[in-house]
Amino acid sequence: MTISLKIIGIVLLISGLLLAFKPTIISKTPLPNNSYQIIKMRVVWGFPIGVGMLFIFHNQWGDLKLTLCALLIFLTLGIIFALLLGMVLDGFLKKQLLWLTMEIVAFIFFVVLYRYADN
């Protein structure tokens, strides 16, 4: 079970990173002219990145509190990776920096929540 979850996680992580890098692979819609909209298209693929990291790195599947907290941590981390990738590829915008700051604060909150759920 653990090996199969790790293989699924690797596939999700690689496909999420690939789709965040080039979001027009699946759909034939052209990229918008607005950098903000392009970054928003890339951020959607942060969810498979986060789920893939969860399947790869999380080992305590029996405890529901820890699994839920780990899911929140890795989803937020996947969104942060996709947002940073979009900012590197499409340019730094003040609005995106605000979103990045909020994601980092949420990530820190979820890590603290995970520490308390572990007790």
The residue from TRP45, TRP99 that alone is at pLDDT below 95 and within 13 Å of the chain's Cα centre (by Cα) is TRP45
Members of segment 102-119 found to be surrounded by fewer than 13 Cβ atoms within 10 Å (Cβ to Cβ) and more than 18 Å from the chain's Cα centre (by Cα), listed by number: VAL112, ARG115, TYR116, ASP118, ASN119
Taking only segment 54-82 into account, find how many residues are touching a residue at least 40 places away in the same chain (Cβ under 8 Å), among the β-branched types (Val, Ile, Thr) and in contact with a Gly (Cβ under 6 Å, 6 or more places away or on another chain). 1
What residue, among those in segment 12-42 that are touching a Lys or Arg at 6+ places or on another chain (Cβ under 7 Å) and modelled with pLDDT under 90, is surrounded by the most Cβ atoms within 10 Å (Cβ to Cβ)? PRO23
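This table checks each residue for (1) of a type in the set (Val, Ile, Thr); (2) within 16 Å of the chain's Cα centre (by Cα); (3) outside any loop (DSSP other than H, G, I, E, B).
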residue: LEU5; (1), (2), (3): no, no, yes
residue: ILE39; (1), (2), (3): yes, yes, yes
residue: GLY52; (1), (2), (3): no, yes, yes
residue: LYS65; (1), (2), (3): no, no, yes
residue: LEU68; (1), (2), (3): no, yes, yes
residue: LEU75; (1), (2), (3): no, yes, yes
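Tell me, which residue of segment 83-98 that is part of a helix (DSSP H, G or I) and without any contact (Cβ under 8 Å) to a residue 24 or more places away in the chain is nearest to LEU17 (Cα to Cα)? Spell out the reasoning first.
Pass one, segment 83-98, residues part of a helix (DSSP H, G or I): 83-90, 94-98.
Now restrict to residues that are without any contact (Cβ under 8 Å) to a residue 24 or more places away in the chain: 84, 88, 94, 97-98.
Working: LEU84: 12, VAL88: 14, LYS94: 24, LEU97: 20, LEU98: 22 Å.
Per the stated criteria, the residue is LEU84.
Any residue in segment 45-58 that is exposed (fewer than 12 other Cβ atoms within 10 Å of the Cβ), within 18 Å of LYS6 (Cα to Cα) and in contact with a Leu (Cβ under 6 Å, 6 or more places away or on another chain)? It would help to see each step written out before you state the result.
Going through segment 45-58, the residues exposed (fewer than 12 other Cβ atoms within 10 Å of the Cβ) turn out to be none.
Checking segment 45-58: not a single residue is exposed (fewer than 12 other Cβ atoms within 10 Å of the Cβ), within 18 Å of LYS6 (Cα to Cα) and in contact with a Leu (Cβ under 6 Å, 6 or more places away or on another chain).
The values are calculated or read from the model by the stated rules, or taken from the named source; none is laboratory data. Source: prediction; values computed, not measured. Using ideal geometry, Cβ is built from the backbone for each residue, glycine included, and neighbour counts are taken over all protein chains shown.
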